[in-house]
Structures are given as structure tokens and as C-alpha cells.
Amino acid sequence: MMISKTVYEMPVKEFMNRDLVTIDASGTVHEALTLMEENRVSTLPVIDNGHVCVGILSTSDLVDMARDVDDDLWDLDQLDVAGQRFLVDKLIHSMGQESVQSFMSEKVATVPQDSSTLSAIRKMLKERVHHLPVTGPSDQLVGIISTMDVLGQISDSID
């Protein structure tokens, strides 16, 4: 089986996902979780008023947040079960009201829409990410590509 060389040269704009689900940095973690669940996505580009990607929030970021809370609770073994449950409920509510900006990754690897698939693959590997926001003119967000999108393109090109 041979992979067509042209798939690596193909610009990402030809197969990026244009149906974007985004959130504003001032949105809450609860809103982000709701968007992720309703749209079945694991990553949300965080945009500003000019539709420029200023961050990215992934389920990994939220898992890390939950792990930190769990570690803090582990140290509270002097509380009885009712006290622990009260504290957990309070934390869940307050964490849900935290802003996305508090938990998003601010260092966002992006790729211009005219970049080649190979360039996107290299950036994903270098940055160790599974999603790349795709930018157009004036760095505005125009799409997103994932490792699954890239693998799909490669799979479709195999003879």
C-alpha cells in the first residue's frame, strides 16, 4: 500500500472542520462542559471579540482541574462523610462558575489555512496536541483540524 504524496501537500483548508464550537474567555467552566457535551467535542477554541483564537480548553485541562481538587480533598480525611460531601458539592458549584480563562491553555499552536497537511502533522507532533485551530486572514479562526481528520485524509489516499 502506498500513500499518495499529494495528501501531504494538500492544504488543511480542504479538510478542516468548519463547524466550529467555540467559547469566549469569560464563559464559565459549566458553559464549556455543556457545549462539549451537547456538541460531542473534546476541545473548545477560546476566542476574543475579533474571532481570534486566544486559548484552547480541552477535556484534559478539565481532568487536570478535577485531579487537583481530588488531591486537595484527599488531605481532608479529618472531616466526616457529610462534611466531605458538603465540601465536594460546594467545590463543584464554585468550579463550574470559574471562567474558562482560568483553565484554558493560553499557548495555542495554530496553523494557517493554506498550510500543508505535512506541516500540520509536524506541528501536532512538535506541540504534542491532537487539535490545531486553523487561522485565516488577520489570524481569525476559520476551522480546526484533529489527528483523526489527518488520519482520515491519509486513509482515504491509500491505494
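The values are calculated or read from the model by the stated rules, or taken from the named source; none is laboratory data. If you're wondering where the values come from, they're calculated on a predicted model, not measured in any experiment. Reconstructed Cβ throughout: ideal geometry from the backbone, glycine too, with neighbour counts over all protein chains shown.
Checked against the criterion of being assigned to a strand (DSSP E or B), under 23 Å from S146 (Cβ atoms) and at pLDDT 70 or above, the candidates V54, V21 yield just one match: V54. Restricting to the range 141-159, name every residue that is in a strand (DSSP E or B) and surrounded by fewer than 16 Cβ atoms within 10 Å (Cβ to Cβ). I158, the sole residue that qualifies. The residue that is farthest from T43 (Cα to Cα), counting only those in the range 97-140 that are acidic (D, E) and touching a strand residue (DSSP E or B) at 6+ places or on another chain (Cβ under 6 Å), is D114.
Just so you know, in the range 24-51 the residues that are out of contact with any Leu (no Cβ under 9 Å at 6 or more places or on another chain) and either modelled with pLDDT of 95 or more or part of a loop (DSSP other than H, G, I, E, B) (or both) include one that is nearest to L132 (Cα to Cα), and it is S42.
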